[in-house]
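Heads up, the thing below is written out as structure tokens.
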Amino acid sequence: MTAKPQLRALEGRSGGYYGLLGILVVAIGLGLLAAVLKSTHGHHITGMDNQIVWGLPHVFAIFLIVAASGALNVASIASVFGRTIYKPLAPLSGLLAVALLAGGLAILVLDLGRPDRLVVAMTHYNFKSIFAWNIFLYTGFMAIVLVYLWFLMERRMNGYAPAAGMLAFVWRLILTTGTGAIFGFLVAREAYDAAILAPLFIAMSFAFGLAVFLLITLAAYRWSERPLGDLILHRLKNLLGIFVAAVLYFVAVYHLTNLYATRLHGVEAFLLLGGGVYPLLFWVGQIVLGSLLPLALLFHPVWSRSRKVIATASALVILGGLAQLYVIIIGGQAYPMDMFPGLEVSSSFHDGVVAPYTPTLVEFLLGIGGVGLALFLVVVAIRFLHFLPVSLADHKVDPHHATRADTGTASAGT
Amino acid sequence: MSQKTSAPLSRRQFITGAAAAVASVTVAPGVFLMRPAEAGTAEGVRWGLLIDSNRCGDCNACVTACHEENGVRGMDRPRTDAQWIRKVELRDPETGYSHSLPVMCQHCEHPPCEDVCPTGASFRRADGIVLVNKHTCIGCRYCMMACPYKARSFIHETLTDQAAHAPRGKGTVESCTLCVHRIDRGERTTACVEACHEQGNGAMIFGDLNDPDSAISRELAEHGGTAIRADLGLNPGVRYQGI
């Protein structure tokens with residue numbers, strides 16, 4: 001139907017390009033510096049302790065890993081669901097998935113107590129551990145997406161791309177289930193131990209991944225001055241709105257289920273009302289700024305036509321996602337475990353009290369380093385390899401667009 | 001005969017013997033680290049503790065003794081300092097009744113820490129003792145997320161002056177070993193239990209839960225005992241009375 005999309009590497013000779021590359025290299029350097037400081041001095045220089053064992057680095061890492069699988073959405077829609085208008089963007093989608101995953105995994109590994117023992121993690125497996133499974137899911141995802149990219153970009157292998165796309169799609173669903181299960185399988189803590197965390201994480205990955213994808217696409221086309229039509233952009237922004245609504249749905253079901261169980265009223269009151277920074281991040285960060293405002297922006301009949309508005313909404317979804325993960329990961333640990341139901345508990349090991357947590361600069365820099373690595377890989381790859389379509393103008397992505405636009409069906413029928 | 005055995009070794013014998021000696025010195029610690037020593041544990045044993053919170057006094061003797069025994073010293077940073085055992089104060093808000101008890105690794109039959117550990121560093125010995133293999137722990141802290149008893153500590157900084165029998169390395173996770181070094185030497189008590197007896201409280205009993213004639217089993221059979229978070233079905237090796 002559509003003409004073969006023409007993909008071409010960026011020129012990448014402008015001052016802006018090198019400036020961006022420089023900023024990302026600095027970010028990676030700062031991340032590495034943080035990792036060195038942490039392994040030299042130990043984790044006591046971070047805000048993490050024996051109560052809050054996973055902190056800000058894990059918020060960044062899990063965001064990137066979750067967004068990685070979601071960044072593959074566009075490729076999946078093209079290869080698995082046969083929507084040809086997304087086809088030109090499929091390689092960028094796959095590239096983003098690999099890069100985000102690499103950034104997230106780098107943070108996770110560098111935050112280990114013994115990052116030097118990575119080889120142990122690669123050679124000793126306990127297959128009852130969802131963590132061990134995730135090691136295979138993450139590396140497998142990377143390998144599958146790389147092969148898929150090869151099939152997409154090598155003309156002789158194009159015929160195999162749909163099959164590889166299907167495998168990658170199924171794999172990313174399992175992968176995000178595995179990421180949600182890291183928390184879902186924790187029977188001891190009130191805020192976790194819920195099967196719904198797996199589908200919640202899948203919905204989150206759809207939303208975060210697409211938000212990142214939209215921002216990168218808008219930036220790449222603006223800075224490279226290549227044409228980007230409204231057709232594909234408006235379909236994607238509508239899709240983002242639906243994914244944000246899906247996250248809201250799962251969040252609502254999660255909290256309503258917990259609110260029904262009296263034994264979980266304490267943790268719900270903590271996360272939704274009295275827990276200080278966590279209710280604030282939940283209501284203001286995740287719900288209002290990260291969900292309701294983007295929904296209004298994305299579906300407003302006039303505002304949503306503006307690219308600035310779409311970019312703002314995508315950025316808000318990302319910030320809301322970080323807030324959501326902060327509440328899930330750190331809020332879930334801050335609430336004291338109910339070891340002795342019905343009794344007041346205290347000890348020198350901080351039993352029975354809410355654990356305080358103040359992230360430090362070291363943790364922030366480690367997170368920024370991972371984000372920097374992910375973006376660096378993308379920026380370098382689109383400079384040297386043919387990832388970006390030369391044009392995403394409406395008539396290029398859909399030759400029938402001109403005739404269809406007359407009947408007023410330019411936006412997706414979602 | 002004696003002349004024959006005391007004859008000087010041939011070069012081949014010497015080299016073979018030396019190689020065997022080097023090999024056993026190199027391999028033996030690894031072998032014995034992972035396997036309960038013969039003196040320690042007979043087949044079918046399950047080591048455990050019974051703690052009577054009605055007898056548990058205001059003292060901290062068990063905590064001090066444990067940390068002394070295993071070289072667990074604080075750096076005056078309460079949030080990151082390791083605690084292998086801690087005294088927990090309990091108060092019933094309905095009645096005002098308060099009491100206290102020590103909490104340590106509960107040495108579960110189905111330990112969540114072992115389930116979630118990606119490398120298998122968290123493991124349970126055949127005699128029921130749950131340990132961390134310090135050689136394969138990568139410091140991911142997932143076991144600390146999973147433990148319902150908050151029994152584990154992460155080593156947040158470089159440590160010096162450690163006890164030879166309790167190696168502790170920065171960046172790994174640790175917890176109560178049920179004084180496994182004593183058990184493997186053939187002793188039948190732990191530092192905490194010993195200190196509790198010396199203190200005159202007698203609130204703690206160590207023993208074999210699988211031996212119906214052991215003091216711990218007889219006491220449990222006579223007066224019963226409960227597990228913390230029994231609802232999780234983990235069948236801990238540490239039991240309590242008077243919670």
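Values in this text are rule-based calculations from the coordinates and carry no lab data. This structure is a prediction, so every number in the text was calculated from the model and none was measured. Quick reminder, even Gly has a Cβ in these numbers, built from the backbone with ideal geometry, and neighbours come from all protein chains shown.
Rounded to whole Å, the principal axis extents of the Cα atoms in chain A read 71, 45, 40, largest first.
Note on B:Lys134: lysines with a C-alpha under 18 Å away, same-chain residues under 8 apart excluded, are B:Lys170. With the helix formula -39500 (n - 2.57) applied to DSSP H stretches of n ≥ 4, chain A reaches a computed 222 nm mean residue ellipticity of -20500 deg cm²/dmol.
Exposure proxy for A:Tyr125, A:Tyr221, A:Tyr86: other Cβ atoms within 10 Å of each Cβ, ordered fewest to most, give A:Tyr125, A:Tyr221, A:Tyr86. Pairs with C-alpha atoms separated by more than 19 Å, drawn from the list A:Lys87/A:Lys396; B:Lys87/B:Lys150; A:Lys128/B:Lys150, are A:Lys128/B:Lys150.
Mean sequence separation of contacting Cα pairs (under 8 Å, at least six apart), scaled by the length of chain A, corresponds to a relative contact order of 32 percent. Measuring r between the beta carbons of A:Thr360 and B:Ser53 and using R0 = 51 Å, the FRET efficiency lands at 0.85. Computed from the C-beta positions of A:Lys128 and B:Ser98, the FRET efficiency with R₀ = 56 Å rounds to 0.90. The HN-Hα couplings worked out from phi for region B:65-72 by the Karplus form 6.51 cos²θ - 1.76 cosθ + 1.60 (θ = phi - 60°) are 5, 4, 5, 5, 4, 9, x, 8 Hz, whole numbers, x standing for Gly and Pro.
The mean number of partner chain beta-carbon atoms within 10 angstrom of a residue's beta-carbon across peptide A:300-313 is 0. Computed from the C-beta positions of B:His110 and A:Leu33, the FRET efficiency with R₀ = 41 Å rounds to 0.45. For the residues of B:145-152, the average number of beta carbons from a partner chain within 10 Å of their own beta carbon is 6. Residue exposure proxy: B:Thr177, A:Thr177, A:Thr123, ordered by other Cβ atoms within 10 angstrom of their Cβ from fewest to most, comes out as A:Thr123, A:Thr177, B:Thr177. Evaluating 6.51 cos²θ - 1.76 cosθ + 1.60 at θ = phi - 60° for every residue in region B:156-173, the Karplus couplings come out as 8, 7, 5, 10, 10, 6, 8, 6, 4, 8, 10, x, 9, x, 3, x, 10, 9 Hz, glycine and proline recorded as x. Quick note on region A:185-301: its Rg to Rh ratio, both from C-alpha atoms and Rh being the Kirkwood radius, is 1.08. Among B:Met144, A:Met122, B:Met204, sorting on how many other beta-carbon atoms sit within 10 Å of each Cβ, with the fewest leading, yields A:Met122, B:Met144, B:Met204.
Of A:Ile28, A:Ile62, A:Ile196, the residue with the greatest mean-square motion in the GNM of chain A, using alpha carbon springs below 10 Å, is A:Ile196.
Across peptide A:97-108, the average count of Cβ atoms from other chains found within 10 Å of a residue's Cβ is 0. Once you keep just the Cα pairs under 8 angstrom separated by 6 or more residues, what percentage relative contact order results for region B:47-241? So the answer I get is 30 percent. Three semi-axes describe the equivalent ellipsoid of region B:47-241; taken as square roots of 5 times the Cα gyration tensor eigenvalues and ordered largest first, they are 25, 19, 18 Å.
Peptides B:93-100, A:205-212 ranked from most to least packed by the mean count of surrounding Cβ atoms within 10 Å: A:205-212, B:93-100.
Along region A:55-72 the Karplus relation, 6.51 cos²θ - 1.76 cosθ + 1.60 evaluated at θ = phi - 60°, assigns HN-Hα couplings of x, 4, x, 6, 5, 5, 4, 5, 4, 5, 5, 5, 5, 4, 5, x, 5, 7 Hz to successive residues, with x for each Gly and Pro.
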